[in-house]
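Only one structure is covered here, and it is reproduced in the block below.
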Amino acid sequence: MSQELDSLDKTGHVLLLYDSELEREYTISEFIHNTLGRGHTAVLASISNDTFAQSSKYQTITASHDGKSERGCFILLDIRDCYEDALNGDFHGASKMREKLERILTEQSSDNDFVIIVVDCAEHLSLNEKFEECGILEKSLQNSFKSWERRGLKVLLICPHLASVLDAGEKKMLEKNHTAIAMT
């Protein structure tokens, strides 16, 4: 079930396990860059878009593609409110995030294209040892993915997680809420 992230050119809800922050940033940035190069839409739904937007990788992506690439485009979506709600056990922010993502999917998807979405909210919950909340959010994302798939929306949903913070039980919980696993 484990595969290289760049070989994924289909729909799915992917658990991306990484070993270092540098590895994570490089892998996600390269994937977004390659996605745009193939003319697809890429969405980075993050609690820390301000940090990413200031990074050299983001500058390279936007300089190379000017935010667009033939049919696709690059969208930054701020989901800090979803994260802050989930930290307190409130998942209303997850519903708002889903609505925002559905709006983007409806606007951006076509019969010949799909949308790639990287979501880091659950990742930050696990980094803060909020594993129960992380699991609830990942289950919600899996349900969203299944709903989008049933509606014929073509989406590759990628959720990164630092492998070293997960014990065997937490990793198993995450695996069951994803359709594929990729490692950096």
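The values are calculated or read from the model by the stated rules, or taken from the named source; none is laboratory data. Predicted, not measured: the structure shown is a model, and the values here were computed from it. Here the Cβ is made from the backbone with ideal geometry for all residues, glycine too, and neighbour counts use every protein chain on show.
Meeting the requirement of 2 or more residues that are free of Cβ contacts under 8 Å to residues at least 12 places away in the same chain and closer than 22 Å to residue 40 by Cα, the helices (runs of 4 or more DSSP H) wholly within region 87-184 are 92-108, 131-150.
The residue that is nearest to residue 35 (Cα to Cα), counting only those in region 83-119 that are out of contact with any Gly (no Cβ under 9 Å at 6 or more places or on another chain) and of a type in the set (Gly, Ala, Ser), is 110.
In region 15-41, the qualifying residues are those that are of a type outside the set (A, V, I, L, M) and buried (at least 22 other Cβ atoms within 10 Å of the Cβ), and the one that is modelled with the highest pLDDT is 18.
Only one of these is of a type outside the set (Ser, Thr, Tyr), surrounded by fewer than 18 Cβ atoms within 10 Å (Cβ to Cβ) and modelled with pLDDT of 95 or more: 163, 122. Name it. The conditions single out 163.
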